[in-house]
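The values are calculated or read from the model by the stated rules, or taken from the named source; none is laboratory data. Since this is a predicted model, take the numbers as computed values, not measurements. Note that we place each Cβ from the backbone using ideal geometry, even for glycine, and neighbour counts take in every protein chain shown. Side chains are part of the model used for accessible areas, which takes the heavy atoms of the whole protein and leaves out ligands, DNA and RNA. Shrake-Rupley method; radii C 1.70, N 1.55, O 1.52, S 1.80 Å.
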Amino acid sequence: MLPYFKKYTIAVCVIAVALPVVVSTIWPLFTGQMMASSLAGLLLMFALFFVGMMIGFSIFNRKAESATARLLALYNDECYPQALIDEGQSLADAITFPCNESGAWFMSYYAQALLESGDVERASRIAKGIRQSIIVSKKDATKCMILVNLIPLEEKLSSNDDVMSLIDEGLGYCKDSVLPNMAVRRQYLENQKKVIESRLADDPATRAEIDKSVVDATDNPMRVRVEFAYDAAIAYFCAHDTEQERTSLEFVAKHGNHLALVSQAKKRLDEMRMSN
């Protein structure tokens, strides 16, 4: 994420330049000559520059990742999409397409938050930009990493058939890879394929079972658990399981905070109470 944080990038450059400047300033005090006057001194200056660059990158890359995670937590953990839209605006503006995997990571969540506010047009433009990033990437591993970030957004914008095609495309990119991070992404794609298959098969029992497993996994972000709880409620409705539908809707209403699904869940709960 570092390239998208201008102030952090500037700080890295300052550290990279400052280290050889400081050393070259005190060098004559110990050697009696200018640092740049000898080949050894010049080589040392270049070495100090790269060391400073590495130190600065290490420090501020962590800060950029931490700042991004804090922004995304507003949406994923606190279920507060408008907060991400407002506080993440400057970062979103800094990310242009085509982007790298970390840019796609942030923008996919940002676009999902925009959908919560009803801004379908801008969210669709972001999805198109992420697709463009996949196309221009030269390595299959990079294509897969960007595509994995696109899937949750496309699940809200496109049909299940289109999402299934995207998942199959991603599996094609990572099928021959032996990289450890590709194994994680392959597993994610295979899990998402099971989710979409259950929706396409019109099998409410399997759909509810898969949804419930996601809801019950407390290590999942709360937003994800809420969204799957709402999907489980739909499955239970189709299976005519009123009690489980009510339980799922109550979970959404209780934990969804500012998500749009909360009002939909409360409306359905009211309907259920009136029908009793």
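Worth a mention:
- Candidate set: the stretch 82-111, residues that are touching a Phe, Trp or Tyr at 6+ places or on another chain (Cβ under 7 Å) and of a type outside the set (A, V, I, L, M); chosen: the one farthest from residue 252 (Cα to Cα): 103
- Per this entry, residue 185 is counted among residues that are in contact with a Gly (Cβ under 8 Å, 6 or more places away or on another chain) and in a helix (DSSP H, G or I).
So that you can scan it fast, the table gives a plain yes or no per residue for (1) farther than 25 Å from residue 173 by Cβ; (2) in contact (Cβ under 8 Å) with a residue 60 or more places away in the chain:
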residue: 191; (1), (2): no, no
residue: 206; (1), (2): yes, no
residue: 210; (1), (2): no, no
residue: 218; (1), (2): yes, no
residue: 223; (1), (2): yes, yes
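- Residues in the stretch 210-237 that are under 17 Å from residue 75 (Cα atoms), open to solvent by 50 Å² or more (accessible area, probe 1.4 Å) and either of a type in the set (D, E, K, R) or in contact with a strand residue (DSSP E or B) (Cβ under 7 Å, 6 or more places away or on another chain) (or both): 219 alone.
- Filtered residues of the stretch 15-68 (kept if under 30 Å from residue 88 (Cα atoms) and in contact with a Pro (Cβ under 8 Å, 6 or more places away or on another chain)): 52
Residue-wise test of (1) at pLDDT 95 or above; (2) β-branched (Val, Ile, Thr); (3) more than 22 Å from residue 152 (Cβ to Cβ).
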| site | (1), (2), (3) |
| --- | --- |
| 215 | yes, yes, no |
| 220 | yes, no, no |
| 224 | yes, yes, no |
| 245 | yes, no, yes |
| 250 | yes, no, yes |
| 256 | yes, no, no |
| 260 | yes, no, no |
| 270 | yes, no, yes |
| 274 | no, no, yes |
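- Of all residues in the stretch 247-266, none satisfies being among the charged types (D, E, K, R), crowded, with 16+ Cβ neighbours inside 10 Å and in a helix (DSSP H, G or I).
- Residue within the stretch 52-71 that is assigned to a loop (DSSP other than H, G, I, E, B) and surrounded by 12 or more Cβ atoms within 10 Å (Cβ to Cβ) present: no
- Of all residues in the stretch 2-22 being open to solvent by less than 80 Å² (accessible area, probe 1.4 Å) and out of contact with any Leu (no Cβ under 8 Å at 6 or more places or on another chain), the one that is modelled with the lowest pLDDT: 2
- Residue pairs meeting the criteria (Cβ under 7 Å; at least 6 apart or on separate chains; first closer than 9 Å to residue 174 by Cβ, in the stretch 129-150; second open to solvent by 40 Å² or more (accessible area, probe 1.4 Å) and outside any helix (DSSP H, G or I)): 141/179
- Top-ranked residue in the stretch 92-123 [being in contact with a helix residue (DSSP H, G or I) (Cβ under 6 Å, 6 or more places away or on another chain), in a helix (DSSP H, G or I) and open to solvent by 10 Å² or more (accessible area, probe 1.4 Å); ranked as nearest to residue 74 (Cα to Cα)]: 109
- Unmet requirement for residue 87, which otherwise passes all of (1) over 15 Å from the mean Cα position of the chain (by Cα); (2) surrounded by 20 or more Cβ atoms within 10 Å (Cβ to Cβ): (2)
- Test result for residue 79, more than 30 Å from residue 251 (Cβ to Cβ) and open to solvent by less than 70 Å² (accessible area, probe 1.4 Å): no
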